[in-house]
Amino acid sequence: MNKPLIGITLDEENIETYSKYPLYAVRKNYSESIEIAGGTCIFLSNNLKAINHYLKIIDGLLVTGGDFDIDPKLYGESKKSKKVKTKSNRTDFEFKITSKALKQEIPVLGICGGQQLINVVLGGTLIQHIPDAIQTKINHEQKNPRNQGSHNVYIKKDTNLFKIVRNSKMFVNSAHHQAVDKLGNNLIASAFSDDGIIEAIESRKLNYCIGVQWHPEFLIDERDIKIFRSLVNSAKNRIE
C-alpha cells in the first residue's frame, strides 16, 4: 500500500550560510516526524502557479513555522508592534494553498506560525506581540534550546486533539511571540497554557484541520508523535 504523501511548506532565506543566493529552508525533523508516523514527504516551493498541481498530488498538508509573522493587513489590522516582521512571498503562497486545501477537505496540520496561518485564513486575528497584550510568567520565546520543553499545555477533553494524544496535559517547547487572538470561523481552542494563551486550535466543521502552537517535530513529549500520526492517518483515510 502506498504511503500518503504529505506536502511540507518551506521558509525562504537570504542569509549567506549555505549559499550566497536565496534559498529554501526547513528543519529535517519536520519530514523525519512524518516518516516516523508512516507518511512520505514532498517539499513545496512557494510557487503560486504550482498550487493546483500540488493539491492534486498531496494527501495532506503540513504548514511549518518560521522566524517571521503574517502581515496584519490579512486580518484587518495595521502593524502595532515593531517586533512584527513579514515574508510576503511565503505568506501569500501558504495562505492560498491552505485556503484551497481546506476547501477541498485535504487534511491540514499547522505548526507554530502554521497554526496562526490557519486561524487567519479562516477569518481570525492574532496577538501581534504577547508581552504587549498580557502579563505572564511564561516566556513564550524560551531561552533554553528548542529541543527542550519549557511549559505545560492543557488540552480540553471534548476535542479531537484530546482524542489524538489521549491526555489532558503535555510538556512542550515554545518559540513564538505571537498567538491566536479571535478564533477563525468554525474553529475552537483545544489547548491553553497557564496564562490563557491559545496553544491549539481545530475545526468543528472539517474532518481534519488542527493547529498547535508548539513544535511537536522535536518529539519532546511522548505524545508529540501522535499528532503526526493523526495527520498521516487522516490523509490515508482520505485516499482509501
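The values are calculated or read from the model by the stated rules, or taken from the named source; none is laboratory data. Remember, it's a predicted structure, so these values are computed and weren't measured experimentally. Note: ideal-geometry Cβ built from the backbone for every residue, glycine included; neighbour counts use all protein chains shown. We work out accessible area using only protein heavy atoms, side chains counted, and drop any ligands, DNA or RNA first. Shrake-Rupley method; radii C 1.70, N 1.55, O 1.52, S 1.80 Å.
Summary of values
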{"read-out": "Total residues in region 165-175, condition of a type outside the set (Ser, Thr, Tyr) and open to solvent by 10 Å² or more (accessible area, probe 1.4 Å)", "value": "5"}
{"read-out": "Failed item, numbered, when ASN185 is tested on (1) in contact (Cβ under 8 Å) with a residue 60 or more places away in the chain; (2) crowded, with 19+ Cβ neighbours inside 10 Å; (3) under 28 Å from GLN104 (Cβ atoms)", "value": "(2)"}
{"read-out": "Condition check for ILE239: crowded, with 21+ Cβ neighbours inside 10 Å and under 24 Å from GLY38 (Cα atoms)", "value": "no"}
{"read-out": "Within region 155-198, tally of residues that are closer than 18 Å to LYS137 by Cβ and of a type in the set (A, V, I, L, M)", "value": "5"}
{"read-out": "Candidate set from region 196-224 (those that are touching a residue at least 60 places away in the same chain (Cβ under 8 Å), in a loop (DSSP other than H, G, I, E, B) and open to solvent by 40 Å² or more (accessible area, probe 1.4 Å)); member that is farthest from ILE36 (Cα to Cα)", "value": "GLY196"}
{"read-out": "Qualifying residues in region 134-151 (those that are open to solvent by 30 Å² or more (accessible area, probe 1.4 Å) and either outside any loop (DSSP other than H, G, I, E, B) or among the charged types (D, E, K, R) (or both)) - the one nearest to THR91 (Cα to Cα)", "value": "GLU141"}
{"read-out": "Region 157-176 - residue that is in contact with a helix residue (DSSP H, G or I) (Cβ under 9 Å, 6 or more places away or on another chain) and part of a strand (DSSP E or B) and, of those, farthest from CYS112 (Cα to Cα)", "value": "MET170"}
{"read-out": "Close pairs from region 145-170: first touching a residue at least 40 places away in the same chain (Cβ under 8 Å) and within 14 Å of VAL212 (Cβ to Cβ), partner β-branched (Val, Ile, Thr) and open to solvent by 50 Å² or more (accessible area, probe 1.4 Å), Cβ under 7 Å, at least 6 apart", "value": "GLY149/ILE220"}
{"read-out": "Failed item, numbered, when PRO131 is tested on (1) in a loop (DSSP other than H, G, I, E, B); (2) open to solvent by 30 Å² or more (accessible area, probe 1.4 Å)", "value": "(1)"}
{"read-out": "The lone exception for ILE51 - which of (1) more than 24 Å from LYS236 (Cα to Cα); (2) of a type outside the set (D, E, K, R); (3) touching a residue at least 12 places away in the same chain (Cβ under 8 Å) it fails", "value": "(1)"}
{"read-out": "Residue pairs meeting the criteria (Cβ under 9 Å; at least 6 apart or on separate chains; first outside any helix (DSSP H, G or I), in region 225-240; second at pLDDT below 95)", "value": "GLU240/MET1"}
{"read-out": "Residue that is in contact with an Asp or Glu (Cβ under 7 Å, 6 or more places away or on another chain) and among the aliphatic types (A, V, I, L, M), where the choices are LEU61, LEU23, LEU44", "value": "LEU23"}
{"read-out": "Test result for TYR154, aromatic (Phe, Trp, Tyr), touching a Ser or Thr at 6+ places or on another chain (Cβ under 7 Å) and open to solvent by 30 Å² or more (accessible area, probe 1.4 Å)", "value": "yes"}
